[in-house]
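The values are calculated or read from the model by the stated rules, or taken from the named source; none is laboratory data. Values in this document were obtained by computation on a predicted structure and should not be read as measured data. FYI the Cβ positions are ideal-geometry reconstructions off the backbone, even for glycines, and counts take in every protein chain you see.
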Amino acid sequence: MKFFLDTADINDIKEAASWGAIQGVTTNPSLYARTGGKLADFHDHIKKICEIVDGPVSAETVAENRDDMVADGLELSKIAPNVVVKIPTTVEGLAATHTLSAKGVNVNMTLCFTVPQAILAARAGARYISPFIGRYDDISEDGIEHLSEIVQAINNYDFGHPVEIIAASIRSANHVTQAALMGVDIATVPFPVLEKMVNHPLTTNGLDRFMADWEKVKNA
């Protein structure tokens with residue numbers, strides 16, 4: 001499984017990259033706004049992220065119709081070779097994805113919730129498909145079960161181009177565990193979840209015991 005960091009925070013990206021923990025980034029203007037950024041600077045910010053991360057950097061379009069999505073996607077794709085255009089799974093989004101993929105632009109279809117949506121996204125030419133887990137959990141449905149169905153369905157077919165599933169809207173390390181067990185290609189996680197994935201009480205306790213034993217040896 002590969003890990004993409006879901007953020008626009010440059011410091012978090014640099015820190016996670018220093019661990020060798022991430023192979024990409026997913027972001028959008030809303031996440032950038034939380035860092036104090038403005039939409040007018042979004043493309044410049046994406047360029048900074050691409051200079052830190054060698055892998056795919058998914059940048060979401062804010063356009064609402066297919067023509068504007070295509071125009072925005074083409075502009076985003078010019079920022080760096082590793083930019084992936086993130087587009088919502090809608091009728092307009094499918095049409096835009098079909099056009100962009102034909103032009104050689106990699107697309108990540110986001111806000112995907114069902115098997116039919118995922119198959120349509122793949123048929124449209126999406127390089128990545130992002131089923132949301134946490135949003136289902138928010139309405140008391142099993143997001144992991146829906147993710148499992150999508151993974152199975154996509155793996156049933158050859159779409160004529162590479163298609164990777166990104167487990168998105170991840171809220172916990174357990175989400176990552178379940179996604180990994182079913183063979184999901186990528187998990188996109190917020191930085192706090194990435195930190196929790198590293199830490200475990202038994203690791204901390206084991207380290208404390210080791211250091212205590214080491215002190216005894218040194219002082220013997």
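Can you find even one residue in segment 128-142 that is modelled with pLDDT of 95 or more, surrounded by 19 or more Cβ atoms within 10 Å (Cβ to Cβ) and assigned to a loop (DSSP other than H, G, I, E, B)?
Scanning segment 128-142 turns up no residue that is modelled with pLDDT of 95 or more, surrounded by 19 or more Cβ atoms within 10 Å (Cβ to Cβ) and assigned to a loop (DSSP other than H, G, I, E, B).
From the set of residues in segment 73-109 that are closer than 18 Å to GLN23 by Cα and of a type in the set (Val, Ile, Thr), which is surrounded by the fewest Cβ atoms within 10 Å (Cβ to Cβ)? Reasoning before the result, please.
Let us first name the residues in segment 73-109 that are closer than 18 Å to GLN23 by Cα, namely 80-86, 106-108.
The next check asks that each one be of a type in the set (Val, Ile, Thr); those that pass are 83-85, 107.
On the way: VAL83: 23, VAL84: 25, VAL85: 27, VAL107: 28.
Restricting to residues being closer than 18 Å to GLN23 by Cα and of a type in the set (Val, Ile, Thr), the top hit is VAL83.
Hey, among the residues in segment 175-200 that are β-branched (Val, Ile, Thr) and under 16 Å from the mean Cα position of the chain (by Cα), which one's farthest from TRP19 (Cα to Cα)?
So the first thing to find is which residues in segment 175-200 are β-branched (Val, Ile, Thr), and the list is 176-177, 184, 186, 188-189, 193, 198.
When the remaining residues are screened for being under 16 Å from the mean Cα position of the chain (by Cα), the result is 176-177, 184, 186, 188-189, 193.
Working: VAL176: 18, THR177: 19, VAL184: 22, ILE186: 17, THR188: 16, VAL189: 15, VAL193: 15 Å.
Step by step, filter segment 175-200, then rank; the result is VAL184.
Within segment 1-63, considering only strands (runs of 3 or more DSSP E) that don't extend past its boundaries, which have at least 1 residues that are small (Gly, Ala, Ser), at pLDDT 95 or above and touching a Gly at 6+ places or on another chain (Cβ under 6 Å)? Talk me through it step by step, then tell me what you get.
Numbers: elements: 2-6, 24-27, 57-60.
Qualifying strands (runs of 3 or more DSSP E): 24-27.
Taking only segment 129-185 into account, find how many residues are in contact (Cβ under 8 Å) with a residue 12 or more places away in the chain and closer than 18 Å to LEU94 by Cα.
Residues that pass the stated criteria total 13.
What single numbered condition from (1) modelled with pLDDT under 95; (2) farther than 22 Å from VAL25 by Cβ fails to hold for LYS196?
In the conditions (1) modelled with pLDDT under 95; (2) farther than 22 Å from VAL25 by Cβ, LYS196 misses (2) alone.
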